[in-house]
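Next up is a structure, given as structure tokens.
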Amino acid sequence: MSGIIGDNQGRSSGLVKAAAGGGNNTPAFFAVLGSNQTIAASTDVKIEVDTEELDTDSSYDSSTNYRFTVPNGEGGKYLVCFQIRRGGWGSNRLIAMVKVNGSGENLVTAEDECSGINDYASAGTGLILSLDADDYIELYANQNSGGEKEIFGSTTDRGTYFGAVKLIGV
């Protein structure tokens, strides 16, 4: 199969190599919320997505700022994906959003509104963003319950996650 690096023993190593002239889809990262996070009502709260599963260029901060920063020389178009799962509460709106450079303007939002049931519904989406070197993106949530609520976090279920990959050829 073209594009697979072999190990000279008749089986593939599992490493994928880009086609000639295609380049690599890096930088890339994917992180999950490792345990539940409590968020206040009626305010944008940064989600502390703290468990990295992939970070090709060490550009995702999973311990302090919980953000991806575009490395020098890596500006371009990025496919960004995210999902926030509510921690078993209903009858309220949950909005998930990505902010660029801490902007008060929500670049993209996904919304989930339950009608009277306690559930683990999610809000999330994918989008393509044009980002310059040193731009950063962060994941936020907002809910309208009137009190604190929990966002579901788990490294096995991956209910709340945040990721991006640089697109090539676009």
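The values are calculated or read from the model by the stated rules, or taken from the named source; none is laboratory data. Please read these numbers as outputs of a predicted model, since none were measured by experiment. Note: ideal-geometry Cβ built from the backbone for every residue, glycine included; neighbour counts use all protein chains shown. All accessible areas refer to the heavy atoms of the entire protein, side chains included, with ligands and DNA or RNA removed. Shrake-Rupley method; radii C 1.70, N 1.55, O 1.52, S 1.80 Å.
Pop the C-beta distance of THR156 and SER58 into the FRET formula with R0 = 30 Å and round what comes out to the nearest 0.05.
On the way: r = 25 Å, r/R0 = 0.82.
Efficiency, rounded to the nearest 0.05: 0.75.
So what J values fall out for segment 38-50 if you push phi through Karplus, 6.51 cos²θ - 1.76 cosθ + 1.60 with θ = phi - 60°, rounded to Hz, Gly and Pro as x?
These are the phi-based 3J(HN,Hα) values: 7, 10, 6, 8, 6, 8, 6, 10, 5, 8, 8, 5, 10 Hz.
Hey, another quick one. Please find the FRET efficiency linking ILE128 to ALA41, where r is the Cβ-Cβ separation and R0 is fixed at 35 Å, and quote it to the nearest 0.05.
FRET efficiency, ILE128 to ALA41: 0.65.
With a 1.4 Å probe and every protein chain left in place, work out the accessible area per residue of segment 32-95 in Å², rounded to a whole number.
Details: 2670 Å² over 64 residues.
Accessible surface, normalised per residue, equals 42 Å².
Can you check what the net charge comes to around GLY75, using other residues whose Cβ is under 11 Å from the Cβ of GLY75 (Lys, Arg +1; Asp, Glu -1)? Working shown, then result.
Working: positive: LYS77, LYS166; negative: GLU74, ASP132, ASP134, ASP135.
Charge balance in the 11 Å sphere: -2.
Another one. Counting only protein heavy atoms and using a 1.4 Å probe, what share of the accessible area of segment 22-92 belongs to carbon plus sulfur, as a whole percent?
On the way: 1150 of 2930 Å².
In segment 22-92, the share of accessible area belonging to carbon and sulfur is 39 percent.
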